[in-house]
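Q: Following this message is one structure expressed as structure tokens.
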Amino acid sequence: MDRDSLKKIISHSKEYGFIFPSSEIYEGLNAIYDYAHNGTLLKNNIREYWWKSMVQLNDNIVGIDSAIFMHPKTWVASGHVDAFNDPLIDNKDSKKRYRADVLIEEHIEKLNLKIQKEINKAEKRFKEKFNKKQFTQTSPRVREILSSIEDIKSKMVSAFENDNLVLVKNLIDELEIKCPISGTCNWTEVRQFNLMFKTKLGASEDSSMDLYLRPETAQGIFLNYLNVQKTSRMKIPFGIAQTGKAFRNEIVARQFIFRMREFEQMEMQFFIQPGSQGEWFEMWKKKRLDWHLNIGINDSSFRYHDHDKLAHYADAACDIEFLFPFGFKELEGIHSRTDFDLKSHEKLSGKKIQYFDPVLEKNYTPFVVETSIGLDRMFLAILTNSFKIETLDDGSTRNVMSITKQLAPNKLAFLPLLKKDGLPEYTKKLMKEFKHEIKIDYDEKDAIGRRYRRHDAIGTPYCITIDHQTLEDETFTIRDRDSMEQKRIKVDQLKKILEDQLKLKSLLKNLNN
Ligand code: GAP
């Protein structure tokens, strides 16, 4: 896997209805994406796999669905108002303030415009003989600009990823980026700016209240801790799980759906006795990696990354990293968050947030081990792992998505060989035996080979072809997406495949709970 394969995944995702760039007719919106039909089905299946593995398989984990808006004091207590920041820079002459990353991105945009000018000039010169692709690959001037764009991008990403604001300022100086107002390069140092999106609650300016779009779902769990513990009569250790949207005004928002400004998290806070966090932290690290491996991705695609530099609330933190096309990157975080959040909310709200331990016969503030995974990042991990362009024996190629069968958008595709002779009617009758159990698809357009390719490309595990022999002996052809092998079976055999390989329960059963 390399960066080139990310480009292929992005275009495949659009062509086959997984992911569309948001607001595309208005030139799109940076780092915001929409899920199309197949993408929504896959995303729902991943969420269901996570949700059931948490709240269905564990007697001591309950679920909630808290609101996106929370009282603004939430984010003061959690530390997000003070410490959830991005880099800002001021021009000393114009006194105007800019985002350092945006200044660099605009500089890159100017370089792209220079490339466009070169292209326009060449197009005029060569007229109908002009080949844009060939020109951009061979023109020394265009190649020089492209290479400097690559260089700037890699310096910028590395500076931000290493949180090195001095390098960001150095890059702005090196590129001689000028303030559009004063026209000078007289810049301050780069400072941090808050990543939370602000909005207002209320109609009039005077009475309205500043609100934030939540940057993590976890705080909704902390704020509901007392209500959930009482109503569900949970005893420590117990967990609260939720999935939902989170919003961050990210600086380095790129690499497709890896880092977005609106994304979905699946988080679980596990409330425990103070002092037992080391043990539970190790247990959840293992349990979460097992959850990933259970869907059949090779274990060489994952690694743990223990944090040396800890956030203000944590006494231990570890990422489960996945080998994306752009290298090993964080997929999920497991954090030992101590009693920081509950204690901060207790202090700011003035409400007692404690647990009475009937065994120890005393009150205490529970400690928390959190597991936090981005649903969109998990989606990208699955696309990365399953997308292949295979060369077949006859020299042709096929795009195939070997998505874990139980998570695939459609589990079966029913294909009448011809659109006549009663084959579509028979197929639709057969489908009725399956459509209440799993998501299936019906496809009668084009030759059978093309239909197989279409379903390979969206990851349908099995295609069922109904032909004239089916009308005589009730057998039909089942074709395997991965091996492309075909055999004739009867409906009872297909029902067994459904139970053993396609229903989510067959995946959940293998988790060691
Ligand atoms: N409650 C803890 C928390 O939010 P985090 O490491 O900031 O921790 C957890 O985020 C997970 O959320 C990450 O491991 C990643 O999968 C996902 N995530 C974070 N920022 C994201 C973004 N901008 N776009 C997509 N996913 C993101």
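Readers should treat all values here as calculations from the given coordinates under stated rules, not as data from a laboratory. Remember, predicted model here, so these are calculated numbers, not experimental data. Cβ: placed from backbone, ideal geometry, glycine included. Neighbour counts: every protein chain shown.
Q: After finding the eigenvalues of the alpha carbon gyration tensor for the stretch 85-192, what semi-axes result from the square roots of 5 times each, listed largest first in whole Å?
A: After scaling each eigenvalue by five and taking roots: 33, 16, 9 Å.
Q: Compute the Cα gyration tensor for the stretch 311-395, then decide on rounded, prolate or oblate, letting a ≥ b ≥ c be the square roots of its eigenvalues: rounded whenever a/c is under 1.5, prolate when a/b is larger than b/c in the other cases, and oblate in all that remain.
A: Verdict is prolate for the stretch 311-395.
Q: Distances longer than 20 Å among the Cα atoms of the stretch 34-94: what percent of all pairs is that?
A: Of all Cα-Cα pairs in the stretch 34-94, 64 percent lie more than 20 Å apart.
Q: Now for a different question. Which ordering of 487, 114 is given by a fewest-first count of other beta-carbon atoms within 10 Å?
A: Lowest to highest Cβ neighbour count: 487, 114.
Q: Let me ask you something else. Please compute the modelled spin-label separation between residue 359 and residue 489, points set 7 Å along Cα→Cβ, answer in nm with one decimal.
A: Calculated label separation equals 4.7 nm.
Q: Here is a follow-up. Would you mind working out the magnitude of the charge dipole of the stretch 334-466 relative to its Cα centre, with +1 at each Lys and Arg C-beta and -1 at each Asp and Glu C-beta, to the nearest 20 Debye?
A: The calculation lands at about 340 debye.
Q: Still on this structure: Just round it to a whole percent: the fraction of Cα-Cα distances in the stretch 168-272 exceeding 15 Å.
A: Value for the stretch 168-272 (Cα pairs over 15 Å): 76 percent.
Q: With a/c under 1.5 counting as rounded, go ahead and sort the stretch 399-453 into rounded, prolate or oblate using the C-alpha gyration tensor (a ≥ b ≥ c being the square roots of the eigenvalues; past the cut-off, prolate if a/b is larger than b/c, else oblate).
A: Because a/c hits 1.5 or more and a/b fails to exceed b/c, the stretch 399-453 counts as oblate.
Q: State which entries of 43/235; 439/509; 117/329 exceed 25 angstrom in Cα-Cα distance in the structure shown.
A: 43/235; 117/329
Q: Moving on to the next point. Given points 7 Å out from each Cα along the Cα-Cβ axis, report the residue 186 to residue 227 separation in nanometres with one decimal.
A: Taking the two extended label points, one gets 5.4 nm.
Q: Can you sort 320, 145 so the residue with the fewest Cβ neighbours within 10 Å comes first?
A: 145, 320
Q: Something else now. If R0 is 25 Å, what FRET efficiency do you get for residue 96 and residue 116 from their C-beta distance, rounded to 0.05?
A: After rounding, the FRET efficiency stands at 0.35.
Q: Still on this model: Given R₀ = 41 Å, FRET efficiency for residue 68-residue 504 by Cβ-Cβ distance, to 0.05?
A: 0.90
Q: Can you sort 71, 468 so the residue with the fewest Cβ neighbours within 10 Å comes first?
A: 468, 71
Q: Shifting gears a bit: How many percent of the alpha carbon pairs in the chain exceed a separation of 40 Å?
A: Tail fraction, whole percent: 37.
Q: Over 5 Å intervals from 0, what percent of Cα-Cα pairs in the stretch 56-138 sits in each interval?
A: Values per bin, smallest distances first: 3, 10, 9, 9, 8, 9, 9, 8, 7, 7, 8, 7, 4, 1, 0.
Q: Would you please calculate the Kirkwood hydrodynamic radius of the stretch 393-508 over all C-alpha pairs and express it in Å, rounded to one decimal?
A: Taking the inverse mean of 1/r over all distinct Cα pairs, the stretch 393-508 comes out at 14.4 Å.
Q: What does a probe at residue 439 reach in the stretch 401-418, counting residues whose amide N is under 14 Å from the point 7 Å along Cα→Cβ?
A: So the set is 403-413.
Q: Right, another one. Apply the Karplus parameterisation 6.51 cos²θ - 1.76 cosθ + 1.60, with θ equal to phi minus 60°, to every residue of the stretch 21-35 and state each ³J(HN,Hα) to the nearest whole Hz, in sequence, with x for glycine and proline.
A: Each residue of the stretch 21-35 in turn: x, 6, 6, 4, 5, 9, 6, x, 10, 4, 6, 10, 10, 10, 8 Hz.
Q: Relative contact order for the chain: what is it in percent, counting Cα pairs under 8 Å that are at least 6 residues apart?
A: Relative contact order of the chain: 14 percent.
Q: Please list the non-local residues whose amide H lies under 5 Å from the amide H of residue 260, H modeled 1.01 Å from N, same-chain partners needing a gap of 5 or more.
A: none
Q: What residues qualify as long-range amide H neighbours of residue 331, i.e. H under 5 Å apart, gap of 5 or more or another chain, H built at 1.01 Å from N?
A: Answer set, sorted by chain and number: 320, 321, 322.
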